[in-house]
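Asks: The following block contains the structure, expressed as C-alpha coordinates.
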Amino acid sequence: MGDIEGGRRDEIKAGPPDNQEDAIGDLKVERDNRHVGTLNRGLKSRHIQFMALSGAIGTGLFVGSGQVISLAGPLSAFLAYLITAANVYCVVQSLGEMATYLPLPGAVPVYASRYVDEALGFVLGWNYWYQLAIGCPLEVTVSVVIVDYWPNDIPDVALITVFFFAMVITNCLPVRMYGEAEFAFGAVKLTTIVGLIILMFIITLGGTPSGEKIGFKYWIDPGPMNEYLAAGSLGRFLAFWKVFIQATFSYGGSELVATAAGEAENPRVSIPKAIRRVFWRIALFYVLAIFLVTLCVSSQDGRLLEAIKTSAPGAASSPFVIAIENGGIHVLPSIINAVVLSSAWSAGNSFFYSSTRVLYAAALDGKAPKLLKYEKWGVPYACVGATTVLSFLCYMNVNNSGEQVFFWFSNISAVSTLIVWAAICVTYLRFYHGLRYNGISRDTLPYKSPLQPYLAYFAVCFCLTVALFNGYDAFFPGKFSAKTFIPPYINIPIFLSLFLGYKLIKRTSFVKLSEMDLWSGKAEIDRLEGTWPEVKPRNFLERLWFWIA
(Lines give C-alpha, C1' and ligand atoms only; values in the text may rest on other atoms or scores of the structure.)
Protein backbone atom coordinates (compact mmCIF):
# COMPACT_ATOMS: atom_id res chain seq x y z
CA MET A 1 0.00 0.00 0.00
CA GLY A 2 3.07 2.24 0.08
CA ASP A 3 2.55 3.60 -3.43
CA ILE A 4 -1.03 4.50 -2.67
CA GLU A 5 -0.10 6.33 0.48
CA GLY A 6 2.72 8.03 -1.39
CA GLY A 7 0.26 9.26 -3.98
CA ARG A 8 -1.93 10.66 -1.23
CA ARG A 9 1.07 12.40 0.37
CA ASP A 10 1.95 14.04 -2.94
CA GLU A 11 -1.64 15.22 -3.22
CA ILE A 12 -1.47 16.74 0.26
CA LYS A 13 1.85 18.48 -0.50
CA ALA A 14 0.27 20.20 -3.45
CA GLY A 15 -2.66 21.31 -1.31
CA PRO A 16 -3.67 24.71 0.11
CA PRO A 17 -2.10 26.62 3.06
CA ASP A 18 -2.39 25.33 6.63
CA ASN A 19 -5.11 27.80 7.59
CA GLN A 20 -7.45 26.07 5.15
CA GLU A 21 -6.71 22.50 6.26
CA ASP A 22 -9.58 22.27 8.78
CA ALA A 23 -12.18 23.40 6.24
CA ILE A 24 -10.79 21.07 3.60
CA GLY A 25 -10.72 18.24 6.13
CA ASP A 26 -14.43 18.76 6.83
CA LEU A 27 -15.16 18.75 3.11
CA LYS A 28 -13.16 15.54 2.64
CA VAL A 29 -15.04 13.79 5.45
CA GLU A 30 -18.32 14.84 3.88
CA ARG A 31 -17.19 13.59 0.47
CA ASP A 32 -16.02 10.28 1.90
CA ASN A 33 -19.33 9.78 3.68
CA ARG A 34 -21.20 10.71 0.53
CA HIS A 35 -19.64 7.79 -1.31
CA VAL A 36 -19.51 5.31 1.58
CA GLY A 37 -23.05 5.92 2.83
CA THR A 38 -24.50 4.66 6.08
CA LEU A 39 -25.50 1.09 5.25
CA ASN A 40 -24.45 -1.67 7.64
CA ARG A 41 -21.66 -4.11 6.77
CA GLY A 42 -23.66 -7.15 7.76
CA LEU A 43 -22.91 -9.56 4.89
CA LYS A 44 -20.46 -12.37 5.56
CA SER A 45 -18.31 -14.11 2.96
CA ARG A 46 -20.79 -16.99 2.63
CA HIS A 47 -23.60 -14.49 2.01
CA ILE A 48 -21.62 -12.76 -0.74
CA GLN A 49 -20.77 -15.97 -2.55
CA PHE A 50 -24.27 -17.44 -2.44
CA MET A 51 -25.79 -14.09 -3.47
CA ALA A 52 -23.76 -14.21 -6.66
CA LEU A 53 -24.92 -17.79 -7.23
CA SER A 54 -28.55 -16.80 -6.59
CA GLY A 55 -28.43 -13.88 -9.00
CA ALA A 56 -26.80 -15.76 -11.85
CA ILE A 57 -28.44 -19.18 -11.47
CA GLY A 58 -32.15 -18.83 -12.10
CA THR A 59 -34.46 -18.79 -15.09
CA GLY A 60 -31.57 -18.39 -17.54
CA LEU A 61 -30.33 -21.89 -16.77
CA PHE A 62 -33.52 -23.68 -15.80
CA VAL A 63 -35.97 -22.14 -18.30
CA GLY A 64 -34.18 -19.82 -20.73
CA SER A 65 -31.82 -22.58 -21.83
CA GLY A 66 -34.85 -24.18 -23.49
CA GLN A 67 -35.00 -21.26 -25.92
CA VAL A 68 -31.32 -21.60 -26.75
CA ILE A 69 -31.46 -25.35 -27.41
CA SER A 70 -34.66 -25.06 -29.44
CA LEU A 71 -33.34 -22.31 -31.68
CA ALA A 72 -29.67 -23.18 -32.17
CA GLY A 73 -29.25 -26.87 -31.44
CA PRO A 74 -27.09 -28.66 -28.85
CA LEU A 75 -23.58 -27.80 -30.08
CA SER A 76 -24.39 -24.15 -30.72
CA ALA A 77 -26.00 -23.87 -27.30
CA PHE A 78 -22.98 -25.41 -25.59
CA LEU A 79 -20.52 -23.15 -27.43
CA ALA A 80 -22.59 -20.02 -26.78
CA TYR A 81 -22.63 -20.65 -23.03
CA LEU A 82 -18.92 -21.53 -23.04
CA ILE A 83 -17.83 -18.38 -24.91
CA THR A 84 -20.13 -16.15 -22.86
CA ALA A 85 -18.64 -17.65 -19.70
CA ALA A 86 -15.22 -16.47 -20.90
CA ASN A 87 -16.64 -12.97 -21.39
CA VAL A 88 -18.15 -13.01 -17.90
CA TYR A 89 -14.75 -13.95 -16.50
CA CYS A 90 -13.25 -10.83 -18.08
CA VAL A 91 -15.96 -8.57 -16.67
CA VAL A 92 -15.94 -10.03 -13.16
CA GLN A 93 -12.15 -9.84 -12.92
CA SER A 94 -12.14 -6.20 -14.05
CA LEU A 95 -14.88 -5.14 -11.65
CA GLY A 96 -13.47 -7.24 -8.83
CA GLU A 97 -10.15 -5.40 -8.81
CA MET A 98 -11.87 -2.02 -8.51
CA ALA A 99 -14.41 -3.23 -5.95
CA THR A 100 -11.73 -4.72 -3.71
CA TYR A 101 -9.63 -1.56 -3.85
CA LEU A 102 -12.61 0.67 -3.05
CA PRO A 103 -15.61 -1.41 -1.81
CA LEU A 104 -18.56 0.98 -1.91
CA PRO A 105 -22.30 0.15 -2.01
CA GLY A 106 -23.41 -0.37 -5.62
CA ALA A 107 -20.26 1.41 -6.72
CA VAL A 108 -20.29 0.82 -10.49
CA PRO A 109 -21.66 4.31 -11.33
CA VAL A 110 -19.28 5.89 -8.79
CA TYR A 111 -16.28 4.31 -10.48
CA ALA A 112 -17.52 5.51 -13.89
CA SER A 113 -17.90 9.10 -12.62
CA ARG A 114 -14.44 9.14 -11.08
CA TYR A 115 -12.45 7.43 -13.79
CA VAL A 116 -14.27 8.22 -17.07
CA ASP A 117 -16.93 10.95 -17.05
CA GLU A 118 -19.69 12.09 -14.73
CA ALA A 119 -22.10 11.63 -17.63
CA LEU A 120 -21.19 7.94 -17.81
CA GLY A 121 -21.68 7.63 -14.06
CA PHE A 122 -25.14 9.17 -14.41
CA VAL A 123 -26.33 6.99 -17.28
CA LEU A 124 -24.68 3.87 -15.91
CA GLY A 125 -26.34 4.33 -12.52
CA TRP A 126 -29.80 4.61 -14.01
CA ASN A 127 -29.25 1.99 -16.73
CA TYR A 128 -27.79 -0.48 -14.25
CA TRP A 129 -30.67 0.12 -11.86
CA TYR A 130 -33.16 -0.39 -14.68
CA GLN A 131 -31.38 -3.53 -15.90
CA LEU A 132 -31.43 -5.10 -12.43
CA ALA A 133 -34.87 -3.83 -11.48
CA ILE A 134 -36.47 -5.27 -14.61
CA GLY A 135 -35.12 -8.64 -13.50
CA CYS A 136 -37.66 -8.61 -10.67
CA PRO A 137 -40.82 -8.64 -12.85
CA LEU A 138 -39.08 -11.03 -15.22
CA GLU A 139 -38.43 -13.58 -12.49
CA VAL A 140 -41.93 -13.10 -11.09
CA THR A 141 -43.34 -13.72 -14.57
CA VAL A 142 -41.36 -16.92 -14.96
CA SER A 143 -42.34 -18.04 -11.47
CA VAL A 144 -45.97 -17.88 -12.57
CA VAL A 145 -45.11 -19.82 -15.75
CA ILE A 146 -43.38 -22.49 -13.67
CA VAL A 147 -46.41 -22.85 -11.38
CA ASP A 148 -48.51 -23.55 -14.47
CA TYR A 149 -46.58 -26.82 -14.79
CA TRP A 150 -48.99 -28.16 -12.19
CA PRO A 151 -52.71 -28.08 -13.09
CA ASN A 152 -54.29 -25.32 -10.99
CA ASP A 153 -57.07 -22.74 -11.04
CA ILE A 154 -55.15 -20.03 -9.21
CA PRO A 155 -55.50 -16.67 -11.01
CA ASP A 156 -52.24 -15.30 -12.39
CA VAL A 157 -52.80 -12.01 -10.60
CA ALA A 158 -52.87 -13.80 -7.25
CA LEU A 159 -49.63 -15.67 -7.95
CA ILE A 160 -47.94 -12.49 -9.16
CA THR A 161 -48.98 -10.66 -6.02
CA VAL A 162 -47.67 -13.37 -3.70
CA PHE A 163 -44.29 -13.70 -5.43
CA PHE A 164 -43.82 -9.97 -5.94
CA PHE A 165 -44.65 -8.73 -2.46
CA ALA A 166 -42.59 -11.51 -0.88
CA MET A 167 -39.59 -9.89 -2.61
CA VAL A 168 -40.57 -6.44 -1.38
CA ILE A 169 -40.96 -7.59 2.22
CA THR A 170 -37.65 -9.47 2.19
CA ASN A 171 -35.83 -6.36 0.97
CA CYS A 172 -37.39 -4.25 3.71
CA LEU A 173 -35.66 -6.36 6.35
CA PRO A 174 -32.08 -5.70 7.61
CA VAL A 175 -29.44 -6.81 5.14
CA ARG A 176 -28.26 -9.73 7.30
CA MET A 177 -31.76 -11.24 7.08
CA TYR A 178 -31.63 -10.88 3.31
CA GLY A 179 -28.18 -12.50 3.29
CA GLU A 180 -29.41 -15.49 5.28
CA ALA A 181 -32.39 -15.94 2.94
CA GLU A 182 -30.16 -15.90 -0.13
CA PHE A 183 -27.71 -18.25 1.55
CA ALA A 184 -30.51 -20.76 2.11
CA PHE A 185 -31.82 -20.46 -1.46
CA GLY A 186 -28.28 -20.62 -2.83
CA ALA A 187 -27.61 -23.82 -0.90
CA VAL A 188 -30.74 -25.37 -2.43
CA LYS A 189 -29.63 -24.31 -5.91
CA LEU A 190 -26.14 -25.63 -5.42
CA THR A 191 -27.40 -28.99 -4.21
CA THR A 192 -29.99 -29.22 -6.99
CA ILE A 193 -27.59 -28.38 -9.79
CA VAL A 194 -25.06 -30.94 -8.61
CA GLY A 195 -27.89 -33.48 -8.43
CA LEU A 196 -29.16 -32.53 -11.91
CA ILE A 197 -25.70 -32.84 -13.42
CA ILE A 198 -25.37 -36.35 -11.97
CA LEU A 199 -28.92 -37.24 -13.03
CA MET A 200 -28.45 -35.98 -16.62
CA PHE A 201 -25.31 -38.11 -16.85
CA ILE A 202 -27.22 -41.16 -15.59
CA ILE A 203 -30.05 -40.53 -18.08
CA THR A 204 -27.63 -40.43 -21.01
CA LEU A 205 -26.26 -43.82 -19.93
CA GLY A 206 -29.75 -45.35 -19.74
CA GLY A 207 -30.04 -45.53 -15.98
CA THR A 208 -33.75 -44.66 -15.95
CA PRO A 209 -36.97 -46.70 -15.86
CA SER A 210 -37.21 -46.42 -19.66
CA GLY A 211 -33.71 -47.91 -19.94
CA GLU A 212 -32.90 -46.00 -23.14
CA LYS A 213 -29.21 -45.23 -23.66
CA ILE A 214 -29.17 -41.82 -25.27
CA GLY A 215 -25.51 -40.88 -25.67
CA PHE A 216 -25.17 -38.38 -28.52
CA LYS A 217 -28.43 -39.46 -30.16
CA TYR A 218 -29.91 -35.95 -30.30
CA TRP A 219 -26.64 -34.44 -31.54
CA ILE A 220 -26.84 -36.78 -34.54
CA ASP A 221 -30.59 -36.45 -35.15
CA PRO A 222 -31.86 -33.72 -35.57
CA GLY A 223 -28.21 -32.59 -35.57
CA PRO A 224 -25.70 -30.53 -33.57
CA MET A 225 -26.55 -27.14 -35.10
CA ASN A 226 -29.94 -25.91 -36.24
CA GLU A 227 -30.57 -23.48 -39.07
CA TYR A 228 -32.23 -20.07 -38.69
CA LEU A 229 -33.50 -17.77 -41.49
CA ALA A 230 -31.29 -19.42 -44.09
CA ALA A 231 -30.18 -22.86 -45.19
CA GLY A 232 -26.77 -24.43 -44.88
CA SER A 233 -23.73 -23.01 -43.13
CA LEU A 234 -25.12 -19.47 -43.11
CA GLY A 235 -28.29 -20.58 -41.35
CA ARG A 236 -26.33 -22.50 -38.74
CA PHE A 237 -24.12 -19.47 -38.08
CA LEU A 238 -27.14 -17.17 -37.79
CA ALA A 239 -28.74 -19.52 -35.25
CA PHE A 240 -25.47 -19.75 -33.31
CA TRP A 241 -25.07 -15.97 -33.22
CA LYS A 242 -28.69 -15.34 -32.24
CA VAL A 243 -28.48 -17.25 -28.95
CA PHE A 244 -25.59 -15.23 -27.52
CA ILE A 245 -28.09 -12.71 -26.22
CA GLN A 246 -29.97 -15.41 -24.30
CA ALA A 247 -26.72 -16.83 -22.97
CA THR A 248 -25.83 -13.34 -21.75
CA PHE A 249 -29.17 -13.09 -19.98
CA SER A 250 -28.47 -16.43 -18.32
CA TYR A 251 -25.16 -15.19 -16.90
CA GLY A 252 -26.55 -11.79 -15.89
CA GLY A 253 -26.04 -11.24 -12.19
CA SER A 254 -22.60 -12.84 -12.01
CA GLU A 255 -21.16 -9.45 -11.10
CA LEU A 256 -23.54 -8.91 -8.17
CA VAL A 257 -20.76 -9.96 -5.82
CA ALA A 258 -19.19 -6.52 -6.35
CA THR A 259 -22.51 -4.70 -5.95
CA ALA A 260 -22.71 -5.97 -2.37
CA ALA A 261 -19.13 -4.92 -1.53
CA GLY A 262 -20.35 -1.87 0.39
CA GLU A 263 -22.21 -4.05 2.89
CA ALA A 264 -19.68 -6.87 3.20
CA GLU A 265 -17.65 -7.65 6.28
CA ASN A 266 -13.92 -7.57 5.57
CA PRO A 267 -14.52 -6.84 1.85
CA ARG A 268 -10.85 -6.98 0.88
CA VAL A 269 -10.84 -10.64 1.90
CA SER A 270 -14.38 -11.76 1.11
CA ILE A 271 -14.71 -10.10 -2.31
CA PRO A 272 -11.54 -11.61 -3.89
CA LYS A 273 -12.48 -14.98 -2.40
CA ALA A 274 -15.95 -14.76 -3.91
CA ILE A 275 -14.64 -13.57 -7.28
CA ARG A 276 -12.28 -16.51 -7.59
CA ARG A 277 -14.79 -19.13 -6.52
CA VAL A 278 -18.17 -17.90 -7.71
CA PHE A 279 -17.18 -17.47 -11.33
CA TRP A 280 -15.73 -20.95 -11.67
CA ARG A 281 -18.75 -22.49 -9.96
CA ILE A 282 -21.14 -20.65 -12.23
CA ALA A 283 -19.15 -21.47 -15.37
CA LEU A 284 -18.83 -25.12 -14.36
CA PHE A 285 -22.48 -25.50 -13.46
CA TYR A 286 -23.73 -23.74 -16.58
CA VAL A 287 -21.40 -25.22 -19.15
CA LEU A 288 -21.51 -28.77 -17.79
CA ALA A 289 -25.25 -28.67 -17.08
CA ILE A 290 -26.04 -27.29 -20.54
CA PHE A 291 -23.83 -29.88 -22.22
CA LEU A 292 -25.52 -32.77 -20.41
CA VAL A 293 -29.08 -31.52 -20.90
CA THR A 294 -28.46 -31.14 -24.65
CA LEU A 295 -27.68 -34.86 -24.65
CA CYS A 296 -30.99 -35.66 -22.96
CA VAL A 297 -33.44 -33.42 -24.85
CA SER A 298 -33.99 -33.01 -28.58
CA SER A 299 -33.84 -29.46 -29.92
CA GLN A 300 -37.06 -30.30 -31.79
CA ASP A 301 -39.01 -31.14 -28.61
CA GLY A 302 -42.16 -29.02 -28.82
CA ARG A 303 -42.35 -28.62 -25.05
CA LEU A 304 -39.29 -26.39 -24.91
CA LEU A 305 -40.20 -22.81 -24.02
CA GLU A 306 -40.58 -20.72 -27.19
CA ALA A 307 -40.08 -23.56 -29.67
CA ILE A 308 -39.07 -21.00 -32.28
CA LYS A 309 -38.43 -23.29 -35.22
CA THR A 310 -42.01 -24.64 -35.27
CA SER A 311 -43.61 -21.36 -34.07
CA ALA A 312 -45.38 -23.43 -31.43
CA PRO A 313 -46.24 -21.99 -28.03
CA GLY A 314 -43.93 -23.23 -25.32
CA ALA A 315 -45.08 -25.59 -22.62
CA ALA A 316 -43.29 -23.43 -20.03
CA SER A 317 -41.22 -26.40 -18.96
CA SER A 318 -37.57 -26.60 -18.06
CA PRO A 319 -35.49 -28.80 -20.39
CA PHE A 320 -34.25 -30.56 -17.27
CA VAL A 321 -37.82 -31.46 -16.34
CA ILE A 322 -38.48 -32.65 -19.90
CA ALA A 323 -35.40 -34.87 -19.78
CA ILE A 324 -36.58 -36.43 -16.53
CA GLU A 325 -40.06 -37.03 -17.95
CA ASN A 326 -38.61 -38.62 -21.08
CA GLY A 327 -36.64 -40.97 -18.84
CA GLY A 328 -39.88 -42.25 -17.30
CA ILE A 329 -39.24 -40.80 -13.83
CA HIS A 330 -42.65 -39.82 -12.51
CA VAL A 331 -42.18 -38.13 -9.12
CA LEU A 332 -38.92 -36.25 -9.57
CA PRO A 333 -40.13 -33.72 -12.20
CA SER A 334 -42.47 -32.08 -9.70
CA ILE A 335 -39.69 -31.88 -7.11
CA ILE A 336 -37.29 -30.34 -9.62
CA ASN A 337 -39.97 -27.94 -10.81
CA ALA A 338 -40.43 -26.80 -7.20
CA VAL A 339 -36.70 -26.14 -6.92
CA VAL A 340 -36.77 -24.27 -10.24
CA LEU A 341 -39.58 -22.15 -8.81
CA SER A 342 -37.56 -21.31 -5.71
CA SER A 343 -34.54 -20.51 -7.92
CA ALA A 344 -36.52 -18.13 -10.09
CA TRP A 345 -37.89 -16.29 -7.08
CA SER A 346 -34.45 -16.16 -5.45
CA ALA A 347 -32.86 -14.71 -8.59
CA GLY A 348 -35.54 -12.01 -8.69
CA ASN A 349 -34.89 -11.29 -5.03
CA SER A 350 -31.17 -10.80 -5.76
CA PHE A 351 -31.96 -8.46 -8.63
CA PHE A 352 -34.28 -6.47 -6.37
CA TYR A 353 -31.57 -6.10 -3.70
CA SER A 354 -28.83 -5.13 -6.16
CA SER A 355 -31.01 -2.59 -7.96
CA THR A 356 -31.72 -0.75 -4.71
CA ARG A 357 -28.00 -0.57 -3.85
CA VAL A 358 -27.05 0.72 -7.31
CA LEU A 359 -29.71 3.42 -7.04
CA TYR A 360 -28.56 4.28 -3.52
CA ALA A 361 -24.98 4.67 -4.79
CA ALA A 362 -26.19 6.97 -7.57
CA ALA A 363 -28.01 9.10 -4.99
CA LEU A 364 -24.91 9.27 -2.78
CA ASP A 365 -22.91 10.42 -5.79
CA GLY A 366 -25.43 13.15 -6.63
CA LYS A 367 -26.68 11.40 -9.78
CA ALA A 368 -30.16 10.67 -8.40
CA PRO A 369 -32.63 12.68 -6.25
CA LYS A 370 -31.53 13.29 -2.66
CA LEU A 371 -34.73 11.63 -1.45
CA LEU A 372 -33.27 8.27 -2.53
CA LYS A 373 -30.53 8.57 0.11
CA TYR A 374 -33.09 7.95 2.85
CA GLU A 375 -32.33 4.84 4.86
CA LYS A 376 -33.36 3.38 8.19
CA TRP A 377 -31.82 0.43 10.06
CA GLY A 378 -29.31 0.10 7.22
CA VAL A 379 -31.99 -0.36 4.53
CA PRO A 380 -32.39 2.27 1.72
CA TYR A 381 -36.17 2.33 1.87
CA ALA A 382 -36.56 5.11 -0.71
CA CYS A 383 -34.69 2.99 -3.27
CA VAL A 384 -36.77 -0.05 -2.29
CA GLY A 385 -39.86 2.01 -3.08
CA ALA A 386 -38.50 3.09 -6.49
CA THR A 387 -37.68 -0.49 -7.50
CA THR A 388 -41.10 -1.61 -6.29
CA VAL A 389 -42.80 0.90 -8.59
CA LEU A 390 -40.90 -0.32 -11.67
CA SER A 391 -41.48 -3.94 -10.70
CA PHE A 392 -45.23 -3.48 -11.10
CA LEU A 393 -44.46 -4.33 -14.74
CA CYS A 394 -44.86 -7.94 -13.62
CA TYR A 395 -48.62 -7.42 -13.88
CA MET A 396 -48.21 -7.28 -17.67
CA ASN A 397 -48.40 -11.06 -17.41
CA VAL A 398 -52.10 -10.79 -16.56
CA ASN A 399 -53.01 -9.77 -20.11
CA ASN A 400 -50.17 -11.46 -22.00
CA SER A 401 -48.80 -14.97 -22.18
CA GLY A 402 -45.96 -15.63 -19.77
CA GLU A 403 -43.72 -16.76 -22.62
CA GLN A 404 -44.21 -13.49 -24.53
CA VAL A 405 -43.49 -11.35 -21.46
CA PHE A 406 -40.44 -13.50 -20.72
CA PHE A 407 -39.12 -12.93 -24.25
CA TRP A 408 -39.48 -9.15 -24.06
CA PHE A 409 -38.03 -8.76 -20.58
CA SER A 410 -35.15 -11.19 -21.08
CA ASN A 411 -34.10 -9.58 -24.36
CA ILE A 412 -34.21 -6.03 -22.97
CA SER A 413 -32.40 -7.12 -19.82
CA ALA A 414 -29.68 -8.95 -21.77
CA VAL A 415 -28.90 -5.99 -24.04
CA SER A 416 -28.77 -3.71 -21.01
CA THR A 417 -26.42 -6.21 -19.35
CA LEU A 418 -24.06 -6.09 -22.34
CA ILE A 419 -23.98 -2.29 -22.30
CA VAL A 420 -23.28 -2.23 -18.56
CA TRP A 421 -20.56 -4.89 -18.87
CA ALA A 422 -18.86 -2.93 -21.66
CA ALA A 423 -19.03 0.27 -19.58
CA ILE A 424 -17.57 -1.54 -16.56
CA CYS A 425 -14.58 -2.67 -18.60
CA VAL A 426 -14.08 0.79 -20.13
CA THR A 427 -14.10 2.15 -16.57
CA TYR A 428 -11.56 -0.46 -15.54
CA LEU A 429 -9.25 0.50 -18.41
CA ARG A 430 -9.29 4.10 -17.17
CA PHE A 431 -8.67 2.86 -13.62
CA TYR A 432 -5.76 0.75 -14.90
CA HIS A 433 -4.12 3.68 -16.68
CA GLY A 434 -4.88 6.01 -13.76
CA LEU A 435 -2.93 3.77 -11.44
CA ARG A 436 0.03 3.78 -13.82
CA TYR A 437 -0.09 7.56 -14.19
CA ASN A 438 -0.09 8.05 -10.41
CA GLY A 439 2.76 5.62 -9.93
CA ILE A 440 0.65 3.07 -8.04
CA SER A 441 1.82 -0.46 -8.65
CA ARG A 442 -0.97 -2.99 -9.10
CA ASP A 443 1.11 -5.36 -7.01
CA THR A 444 0.17 -3.21 -3.98
CA LEU A 445 -3.58 -3.62 -4.57
CA PRO A 446 -5.66 -5.89 -2.30
CA TYR A 447 -6.58 -7.91 -5.39
CA LYS A 448 -4.81 -7.93 -8.75
CA SER A 449 -6.77 -9.50 -11.58
CA PRO A 450 -4.74 -11.51 -14.13
CA LEU A 451 -4.05 -10.81 -17.81
CA GLN A 452 -5.02 -7.16 -17.67
CA PRO A 453 -5.73 -4.97 -19.56
CA TYR A 454 -6.34 -7.61 -22.27
CA LEU A 455 -9.34 -9.16 -20.52
CA ALA A 456 -11.05 -5.77 -20.37
CA TYR A 457 -10.33 -5.03 -24.05
CA PHE A 458 -11.79 -8.40 -25.08
CA ALA A 459 -14.95 -7.87 -23.01
CA VAL A 460 -15.56 -4.40 -24.45
CA CYS A 461 -15.28 -5.67 -28.03
CA PHE A 462 -17.36 -8.79 -27.40
CA CYS A 463 -20.17 -7.02 -25.52
CA LEU A 464 -20.54 -4.19 -28.04
CA THR A 465 -20.45 -6.57 -31.02
CA VAL A 466 -23.19 -8.79 -29.60
CA ALA A 467 -25.29 -5.78 -28.51
CA LEU A 468 -25.12 -4.14 -31.96
CA PHE A 469 -25.76 -7.24 -34.08
CA ASN A 470 -28.01 -9.43 -31.93
CA GLY A 471 -31.17 -8.04 -33.58
CA TYR A 472 -30.02 -8.73 -37.13
CA ASP A 473 -33.05 -10.89 -37.89
CA ALA A 474 -35.34 -7.83 -37.73
CA PHE A 475 -33.83 -6.71 -41.07
CA PHE A 476 -34.55 -9.92 -42.93
CA PRO A 477 -37.46 -9.69 -45.44
CA GLY A 478 -40.78 -10.19 -43.69
CA LYS A 479 -39.25 -10.28 -40.21
CA PHE A 480 -39.43 -6.61 -39.20
CA SER A 481 -41.88 -5.94 -36.36
CA ALA A 482 -42.00 -4.27 -32.97
CA LYS A 483 -41.23 -7.59 -31.29
CA THR A 484 -38.12 -8.24 -33.37
CA PHE A 485 -36.73 -4.67 -33.44
CA ILE A 486 -37.58 -2.90 -30.16
CA PRO A 487 -36.26 -5.36 -27.53
CA PRO A 488 -32.79 -5.75 -29.13
CA TYR A 489 -32.22 -2.04 -29.72
CA ILE A 490 -34.32 0.11 -27.40
CA ASN A 491 -31.56 0.30 -24.79
CA ILE A 492 -28.96 1.76 -27.17
CA PRO A 493 -30.75 5.07 -27.97
CA ILE A 494 -31.84 5.38 -24.33
CA PHE A 495 -28.24 4.98 -23.16
CA LEU A 496 -26.85 7.45 -25.72
CA SER A 497 -29.61 10.02 -25.10
CA LEU A 498 -29.04 10.01 -21.34
CA PHE A 499 -25.26 10.18 -21.76
CA LEU A 500 -25.25 13.02 -24.29
CA GLY A 501 -28.11 14.87 -22.58
CA TYR A 502 -26.34 14.90 -19.21
CA LYS A 503 -23.06 15.85 -20.85
CA LEU A 504 -24.60 18.81 -22.67
CA ILE A 505 -26.66 20.07 -19.74
CA LYS A 506 -23.94 19.68 -17.09
CA ARG A 507 -21.11 20.41 -19.55
CA THR A 508 -19.01 17.58 -18.17
CA SER A 509 -15.67 16.55 -19.63
CA PHE A 510 -13.79 13.28 -19.68
CA VAL A 511 -11.70 12.82 -16.57
CA LYS A 512 -8.00 13.40 -17.16
CA LEU A 513 -5.53 10.95 -15.66
CA SER A 514 -4.05 13.81 -13.64
CA GLU A 515 -7.46 14.63 -12.15
CA MET A 516 -8.62 11.08 -11.44
CA ASP A 517 -9.92 10.58 -7.88
CA LEU A 518 -8.51 7.31 -6.61
CA TRP A 519 -8.75 8.11 -2.89
CA SER A 520 -12.10 9.55 -1.77
CA GLY A 521 -13.85 7.05 0.46
CA LYS A 522 -10.77 4.85 0.73
CA ALA A 523 -9.77 6.17 4.18
CA GLU A 524 -12.97 4.78 5.73
CA ILE A 525 -12.28 1.34 4.27
CA ASP A 526 -8.66 1.45 5.41
CA ARG A 527 -9.75 2.26 8.98
CA LEU A 528 -12.06 -0.75 9.04
CA GLU A 529 -9.49 -3.14 7.57
CA GLY A 530 -8.09 -5.36 10.27
CA THR A 531 -11.00 -4.83 12.65
CA TRP A 532 -12.74 -8.02 11.55
CA PRO A 533 -11.55 -11.20 13.24
CA GLU A 534 -9.70 -13.68 11.07
CA VAL A 535 -11.47 -17.02 11.24
CA LYS A 536 -9.29 -20.06 10.54
CA PRO A 537 -10.53 -23.61 9.99
CA ARG A 538 -9.70 -25.99 12.82
CA ASN A 539 -10.24 -29.32 11.07
CA PHE A 540 -10.95 -30.96 7.73
CA LEU A 541 -14.71 -30.39 7.85
CA GLU A 542 -14.27 -26.70 8.56
CA ARG A 543 -11.70 -26.41 5.75
CA LEU A 544 -14.20 -28.06 3.39
CA TRP A 545 -16.95 -25.68 4.54
CA PHE A 546 -14.69 -22.64 4.10
CA TRP A 547 -13.94 -23.81 0.56
CA ILE A 548 -17.64 -24.09 -0.21
CA ALA A 549 -18.77 -20.90 1.54
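The values are calculated or read from the model by the stated rules, or taken from the named source; none is laboratory data. Source: prediction; values computed, not measured. Heads up, the Cβs are rebuilt from the backbone with ideal geometry, glycines too, and the neighbour counts pull from every protein chain shown. Side chains are part of the model used for accessible areas, which takes the heavy atoms of the whole protein and leaves out ligands, DNA and RNA. Shrake-Rupley method; radii C 1.70, N 1.55, O 1.52, S 1.80 Å.
Asks: Ranking request for peptides 208-214, 359-365, 295-301: highest mean number of other beta-carbon atoms within 10 Å first, then the rest in descending order.
Replies: The peptides rank, most packed first, as 359-365, 295-301, 208-214.
Asks: In terms of modelled amide H atoms, which long-range or inter-chain residues lie less than 5 Å from the amide H of GLY73?
Replies: Excluding prolines and chain starts, which carry no amide H, the hits are ASN226.
Asks: While we're on this one: If you roll a 1.4 angstrom probe over the protein chains with everything in place, what fraction of the accessible area of region 66-202 belongs to carbon and sulfur, to the nearest %?
Replies: For region 66-202, the apolar C and S fraction of the accessible surface comes to 80 percent.
Asks: Related question: If you count, for each residue, the other Cβ atoms within 10 Å and average over each peptide, how do 498-510, 222-234, 159-171, 107-119 line up from highest to lowest? Each step should come with its number before you reach the end.
Replies: On the way: 498-510: 13.8, 222-234: 15.5, 159-171: 18.3, 107-119: 25.5.
Top to bottom by mean Cβ count within 10 Å: 107-119, 159-171, 222-234, 498-510.
Asks: Under a Cβ-Cβ cut-off of 9 Å, what is the net charge of the residues other than GLN452 that fall near it, where Lys and Arg count +1 and Asp and Glu count -1?
Replies: Value of the local net charge: +1.
Asks: Set the bar at 20 Å for Cα to Cα. Now go through LYS367/LYS503; LYS189/LYS242; LYS273/LYS376; LYS373/LYS506; LYS242/LYS479; LYS376/LYS506 and name every pair that lies beyond it.
Replies: Distance filter (> 20 Å) returns LYS189/LYS242; LYS273/LYS376; LYS373/LYS506; LYS376/LYS506.
Asks: I need the peptides 325-337, 129-141 ranked by packing, meaning the mean over residues of other C-beta atoms within 10 angstrom, with the highest value on top. Walk me through the numbers on the way to the answer.
Replies: Numbers: 325-337: 15.7, 129-141: 27.7.
Averaged packing, sorted descending, gives the order 129-141, 325-337.
Asks: Right, another one. All other residues with a Cβ under 14 Å from the Cβ of VAL340 taken together, and with Lys, Arg as +1 and Asp, Glu as -1, what is their net charge?
Replies: -2
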